[in-house]
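Data block below; observations after.
What follows draws every value from the coordinates through simple rules; no lab data is involved. Here the structure is a predicted model, which is why all the values come from computation and not from measurement. Virtual Cβ from ideal backbone geometry, glycine too; neighbours counted across all protein chains shown.
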Amino acid sequence: MKPLSKLVESVPGSPTTLMMQKGRELAAQGLDVINLAGGEPDFDTPKHIQQAAFDAIAAGDTHYPPPFGKPELLDAICAKLERENNVQAVPEQLLVTPGGKWAIYTALAALLNEGDEVMVLDPAWVSYAPMVRLNLGVAVHVPLPADDSFRVRAAQLEEYVSEKTKLIMVCSPSNPTGRVLTQPELDDIAAVAQRNDLYVLSDEIYEHILYDGARHRSIASMPGMAERTIIINGFSKNYAMTGWRLAWVAAPLPVAKLARTYQTQTVTSAASFAMVAGAAALNGPQECVHEMVASYAQRRNFVLEALDEIPGIRSSPIEGAFYLFAEFTQTEMKSLDVSQRLLEDGLIASTPGIAFGEAGEGYVRFSFATGMTDLEKTVERLARIVPTL
Ligand code: PMP
Ligand code: GLU
């Protein structure tokens, strides 16, 4: 048989998706596995959002929708961008996609030519670099300093800029570190982007999941940044809608135009009735979001306090999202091996830090968007296993 795609063979499968599935399979075998590998809210989608989709289906909304998004959803996104992010966009700048992953992918497809370099700030979400590669770009890993809370600084970014650099990818609140970019960091990124004529892809998918008064600001709202920023946002995390596969790209017009072309030749559109639910989520009451975030905050506090009592494991500050990015401080073991031991000896499914780039080595990521009972069990198991590593 002739060889298959060398390009696709050159990227790994998503470790978060695969570990999450492995955890599920072990649970289905009757094992008491605690699945903290994937980042997924344990809440079901709020009832009024579900109802909007039920009503849409019952009313026959089961046909191809407008490929770039239903007008009511595009309008709701424009209003949301203005209200919450101080970003002015017209519907033509938007593309509604089946999930945040596809939003990032189509944006990259619209932006990159072969060999273009993309700065990925490590530790970075697992799919950024592979998606760059699948779009024939080259991911340039910028290792953020762990001893400085993974802070972004202009001088460091500049070291990695070359003639070929096209784009900086940022994620705030960050998966996996939980950091929220501060104004000085946003200033630095914006300055580097403007000095070197770069685009910025701003992944804001965790924007509402913030703790201790942390504030999210979209870099697109900064002077001179709207024309070079591609915002990625969606419903998976903020509205507990991971299974609906619904997200969006908000981009400068020429980028949006190409991303739209790409979508018509690939997935066509997101699901019709999911878009109705999305509009209900954005236009409806937001208490559900506040309640979920308050619950994550309780779990975060529990995990942070409990971890303080276990020598050999230390958390980075968690300002947003719902991940504990924990450093294993008293072992030489690689994060892959630590994660494997936690699964074998503690039935805890986690994601090894190396999955987020070299800068994540020594760390393991645990999602705490799971029930308190599981978190209590996790802490007990960690207290038993960490001293043996
Ligand atoms: N960006 C980040 C940082 C994420 O953690 C995720 C979670 N999968 C996504 C994008 C994609 O989200 P979705 O589930 O909507 O594809
Ligand atoms: N974003 C989540 C995570 O990082 C879900 C899995 C995935 O899409 O990779 O775990």
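Please report, in debye to the nearest 20, how large the charge dipole of the range 1-123 is about its Cα centre when each Lys and Arg carries +1 at its beta carbon and each Asp and Glu carries -1 there.
300
Give me the mean projected area, in nm² to one decimal, of the convex hull enclosing the Cα positions of the range 72-229. Intermediate results must be reported in sequence, preceding the final value.
On the way: hull surface 36.9 nm².
Projected over every direction and averaged, the Cα hull of the range 72-229 covers 9.2 nm².
Are there any GluC sites (Glu not before Pro) in the range 321-387 that are in a DSSP loop and have at most 10 other Cβ atoms within 10 Å? List them by number.
Glu332
Once you have the Cα-Cα distance between Ala155 and Glu227, take 0.36 nm times their residue separation minus that, and quote the gain in nm to one decimal.
Contour length minus Cα-Cα distance gives 23.6 nm.
Between Ala240, Gly60, Phe150, whose Cα lies farthest towards the positive end of the dipole of the chain when Lys and Arg beta carbons carry +1 and Asp and Glu beta carbons carry -1, centred on the Cα centre?
The Cα lying farthest towards the positive end belongs to Gly60.
Near the amide H of Ile230, under 5 Å away, which other amide H atoms are found, from residues 5 or more places off or on another chain, if H is placed in the peptide plane?
For Ile230, the qualifying residues are Val200, Leu201, Ser202.
Using +1 on the beta carbon of Lys and Arg, -1 on that of Asp and Glu, and nothing else charged, what's the dipole of the chain about the Cα centre, debye to 20? Could you put the intermediate results ahead of the total?
On the way: 32 positive and 47 negative charges, 173 e Å.
Dipole magnitude for the chain comes out near 840 debye.
Quick one: what do you get for the range 165-216 if you divide its Cα Rg by 2.2 N^0.38 Å?
1.18
How many angstrom lie between the Cα centre of the range 239-293 and the Cα centre of the range 64-120?
8
If Rh is defined by the Kirkwood formula over all Cα pairs and Rg also comes from Cα, what ratio Rg/Rh do you get for the range 1-138?
1.03
With each run of n ≥ 4 DSSP H residues scored as -39500 (n - 2.57), what mean residue ellipticity at 222 nm is computed for the chain after dividing by its residue count and rounding to the nearest 500 deg cm²/dmol?
-12500 deg cm²/dmol
Once every Cα of the range 246-389 carries one equal point scatterer and solvent is ignored, give the base-10 log of I(q)/I(0) from the Debye formula at q = 0.08, 0.10, 0.11, 0.20 Å⁻¹, two decimals.
Per q value, in the given order, log10 I(q)/I(0) is -0.35, -0.52, -0.61, -1.10.
Residues with amide H under 5 Å of Glu117's amide H, sequence separation 5 or more or different chain, H placed in the peptide plane at 1.01 Å from N; which?
Val138, Thr165, Lys166
Among 33-46, 2-15, 299-312, how do they line up by average Cβ neighbours within 10 Å per residue, starting with the highest?
By packing density, highest mean first, the sequence is 33-46, 299-312, 2-15.
For a Förster distance of 35 Å, can you work out the FRET efficiency between the beta-carbons of Glu291 and Glu376, rounded to the nearest 0.05?
0.95
Using DSSP to define loop residues, name the chymotrypsin sites (Phe, Trp or Tyr not before Pro) in the range 101-201 whose beta-carbon has at most 11 other beta-carbon atoms within 10 Å.
Qualifying residues, ordered by number: none.
Once you place label points 7 Å from the Cα toward the Cβ at Thr268 and Lys2, how far apart are they in nm?
2.8
May I ask you to evaluate 6.51 cos²θ - 1.76 cosθ + 1.60, the Karplus curve with θ = phi - 60°, for each residue of the range 263-269 and list the ³J(HN,Hα) values in order in whole Hz, giving x for glycine and proline?
5, 5, 8, 10, 8, 6, 6
Compare Asp147, Asp55, Asp122 in a GNM of the chain, Cα atoms joined below 10 Å, and give the one with the largest fluctuation.
Greatest mean-square fluctuation among the candidates belongs to Asp147.
Thinking of the range 59-160 as a set of Cα atoms, what percent of all their pairs are more than 18 Å apart?
When every Cα pair of the range 59-160 is considered, 64 percent fall beyond 18 Å.
Multiply the residue separation of Asp337 and Gln29 by 0.36 nm, subtract the distance between their alpha-carbon atoms, and state the gained length in nm to one decimal. If you can, show how the numbers build up before the last one.
Numbers: separation 308, 0.36 × 308 = 110.88 nm, distance 2.30 nm.
Stretched out fully, the Asp337 to Gln29 stretch lengthens by 108.6 nm.
If you keep only loop residues by DSSP, which GluC sites (Glu not before Pro) in the range 50-153 have at most 13 other Cβ atoms within 10 Å of their Cβ? Show your work: numbers first, answer last.
On the way: sites: Glu72, Glu82, Glu84, Glu92, Glu114, Glu117; in loops: Glu114.
Qualifying residues, ordered by number: Glu114.
For the range 279-294, just list the computed ³J(HN,Hα) in residue order, Karplus coefficients 6.51, -1.76 and 1.60, θ = phi - 60°, integers in Hz, with x standing in for Gly and Pro.
Ordered by residue, 3J(HN,Hα) equals 5, 5, 5, 6, 8, x, x, 9, 4, 4, 5, 4, 5, 5, 5, 4 Hz.
Using amide H atoms built in the peptide plane, which far-off residues or other-chain residues are under 5 Å from Asp122 H to H?
For Asp122, the qualifying residues are Val142, Leu144.
For the range 31-45, just list the computed ³J(HN,Hα) in residue order, Karplus coefficients 6.51, -1.76 and 1.60, θ = phi - 60°, integers in Hz, with x standing in for Gly and Pro.
Taking θ as phi minus 60°, the curve returns 7, 7, 7, 9, 9, 10, 7, x, x, 9, x, 7, 6, 6, 4 Hz for the range 31-45.
Taking N as the number of residues in the chain, what value does Rg over Cα atoms divided by 2.2 N^0.38 Å take? Spell out each step's value before the answer.
Numbers: Rg = 20.5 Å, N = 389, 2.2 N^0.38 = 21.2 Å.
Output field value: 0.97.
Taking the C-alpha atoms of the range 115-190, how large are the radius of gyration and the largest Cα-Cα span, Dmax, in Å?
Calculated on Cα positions, Rg and Dmax stand at 12.0, 33 Å.
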